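Student: Have a look at this one before I ask anything.
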DNA sequence: CCTGAAACATAATGCAC
DNA sequence: GTGCATTATGTTTCAGG
């Protein structure tokens, strides 16, 4: 993971791409004040140096039928053999679980899940999560409203 | 927000774009089995119908100096006038706060924040968050490891 | 609704500086 | 490193099924 020197042009490129991953080199060149060919070359360099993890499309979940987002904190039953391994395998296989983190504190894992509505969330929690033998305890927190969503990490100028 | 009929080609387009927002129409046409021109037209239709919220680039946070991700749950002091408004304004202005949700349960808000390291997280929590007069209580949970991150919502075939 | 071809736009790269 | 010119790719419109 070779660290490379980034200059002001690189920051501007990254900043522009954070908010719109589909910008063309021509569009980038206008925002960044470089020629399109330089944008192309610098972007290649940034990708090769692993500064860019992915280009994602964020879909409109509620238009697609998922009205509910919830966070779920999970405590595993440490008496169950290989509970971590079993849990991780289960997590990977469940598409409604969008994110999963192992965390410090009372719980072992935090999940972000989506569901169609509250009844479906309720049955998802009991049928897909509580039912796992490795899960000892589970607390869900329903999202009422998204106040901020900045997929952009702060960058220098 | 007019609901439109989506067919199998649309699902495939959305599925492909979820994991790579920069796919060209030619590349999409290969994954979807349509001509490039149809991919272009359908994608325009999907965008116009608000099924796509954003194309964003996920940067490598740790390469860029942010080693720590934490979740912070916040309870506001309801005795403070306009505490919600004051809080939301503060949130918007702090770049280390990447996401903020109002939630059900004990806390009022949940945040996802990034920080350079644990000392900087510590001072961020006390100086930028606890210091807000509207904040009554705050609990932070540090992410130890990202187990799953699927920015992809499940789609039909 | 679709494909395919033509006209147009953009991307990638060699080269001169 | 950069811009410019060139060639390779990609996009979009339109005629036709």
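Student: Does residue B:6 satisfy the condition of being under 25 Å from residue A:147 (Cβ atoms), more than 16 Å from DNA strand D (Cβ to nearest atom) and surrounded by 14 or more Cβ atoms within 10 Å (Cβ to Cβ)?
Tutor: On the way: under 25 Å from residue A:147 (Cβ atoms): no; more than 16 Å from DNA strand D (Cβ to nearest atom): yes; surrounded by 14 or more Cβ atoms within 10 Å (Cβ to Cβ): yes.
No: the conditions fail for residue B:6.
Student: Name the pairs whose Cβ atoms lie under 8 Å apart, with the first residue in the range A:41-60 and farther than 16 Å from residue B:149 by Cβ and more than 10 Å from every other protein chain (Cβ to nearest Cβ), the second surrounded by fewer than 16 Cβ atoms within 10 Å (Cβ to Cβ) and modelled with pLDDT of 95 or more, and 6 or more positions between them or separate chains?
Tutor: A:42/A:9
Student: Condition (residue is more than 16 Å from DNA strand D (Cβ to nearest atom), out of contact with any strand residue (DSSP E or B) (no Cβ under 6 Å at 6 or more places or on another chain) and not in a loop (DSSP other than H, G, I, E, B)) applied to the range B:92-107: is it met by at least one residue? Let's see the steps before the verdict.
Tutor: Looking only at the range B:92-107, we keep the residues that are more than 16 Å from DNA strand D (Cβ to nearest atom), and these are B:92-107.
The next check asks that each one be out of contact with any strand residue (DSSP E or B) (no Cβ under 6 Å at 6 or more places or on another chain); those that pass are B:92-95, B:106.
Still in the list and also not in a loop (DSSP other than H, G, I, E, B): B:92-93.
Checked against the condition, which is being more than 16 Å from DNA strand D (Cβ to nearest atom), out of contact with any strand residue (DSSP E or B) (no Cβ under 6 Å at 6 or more places or on another chain) and not in a loop (DSSP other than H, G, I, E, B), the range B:92-107 yields at least one hit.
Student: Then there is this: Is it the case, given these coordinates, that residue A:116 is at pLDDT 95 or above, surrounded by fewer than 19 Cβ atoms within 10 Å (Cβ to Cβ) and farther than 23 Å from residue B:110 by Cβ? Walk me through it before giving the result.
Tutor: Working: at pLDDT 95 or above: yes; surrounded by fewer than 19 Cβ atoms within 10 Å (Cβ to Cβ): yes; farther than 23 Å from residue B:110 by Cβ: no.
Criteria not met by residue A:116.
Student: Let me confirm something: among B:42, B:12, which residue is within 14 Å of DNA strand D (Cβ to nearest atom) and under 26 Å from the mean Cα position of the chain (by Cα)?
Tutor: Numbers: B:12 fails: within 14 Å of DNA strand D (Cβ to nearest atom).
Criteria check complete, one pass: B:42.
Student: Checking residue A:71 against (1) more than 7 Å from every other protein chain (Cβ to nearest Cβ); (2) touching a residue at least 12 places away in the same chain (Cβ under 8 Å), which single condition isn't satisfied?
Tutor: Single failed check for residue A:71: (1).
Student: Can you tell me which of A:64, A:14 is within 10 Å of chain B (Cβ to nearest Cβ), away from DNA strand C (no atom under 12 Å from the Cβ), closer than 30 Å to residue B:140 by Cβ and surrounded by 14 or more Cβ atoms within 10 Å (Cβ to Cβ)? So that I can check it myself, show each step before the final result.
Tutor: Numbers: A:64 fails: closer than 30 Å to residue B:140 by Cβ.
Criteria check complete, one pass: A:14.
Student: Report, ordered by the first and then the second residue, all pairs with beta carbons closer than 7 Å, sequence separation of six or more or different chains, a first member in the range B:1-26 that is under 21 Å from residue A:44 (Cα atoms), and a second member that is within 11 Å of DNA strand C (Cβ to nearest atom).
Tutor: B:21/A:22; B:22/A:22; B:25/B:36; B:25/B:39; B:25/B:40; B:26/B:36
Student: Now a separate question. Return a yes/no flag: does the range A:70-78 have any residue that is modelled with pLDDT under 95, surrounded by fewer than 17 Cβ atoms within 10 Å (Cβ to Cβ), more than 16 Å from DNA strand C (Cβ to nearest atom) and at negative phi.
Tutor: From the range A:70-78, those modelled with pLDDT under 95 are A:78; that's our starting set.
Keeping just the survivors that are surrounded by fewer than 17 Cβ atoms within 10 Å (Cβ to Cβ) gives A:78.
With more than 16 Å from DNA strand C (Cβ to nearest atom) added as a condition, the list becomes A:78.
The next check asks that each one be at negative phi; those that pass are A:78.
Yes.
Student: Looking only at the range A:91-107, which residues are more than 7 Å from chain B (Cβ to nearest Cβ) and either under 18 Å from the mean Cα position of the chain (by Cα) or within 27 Å of residue B:10 (Cα to Cα) (or both)?
Tutor: Once the filter is applied, which keeps residues that are more than 7 Å from chain B (Cβ to nearest Cβ) and either under 18 Å from the mean Cα position of the chain (by Cα) or within 27 Å of residue B:10 (Cα to Cα) (or both), the range A:91-107 yields A:93, A:94.
Student: Let me ask something else about it. Out of all the residues in the range B:138-157, which are surrounded by 17 or more Cβ atoms within 10 Å (Cβ to Cβ), within 7 Å of another protein chain (Cβ to nearest Cβ) and part of a strand (DSSP E or B)?
Tutor: Selection gives B:141, B:143, B:147.
Student: Consider the range A:23-40. How many of its residues are more than 15 Å from residue A:7 (Cα to Cα), part of a helix (DSSP H, G or I) and more than 14 Å from chain B (Cβ to nearest Cβ)?
Tutor: Final tally of qualifying residues: 5.
The values are calculated or read from the model by the stated rules, or taken from the named source; none is laboratory data. These figures come from a predicted structure and were not determined experimentally. With ideal geometry, Cβ positions are generated from the backbone for all residues, glycine too; neighbour counts draw on all protein chains shown.
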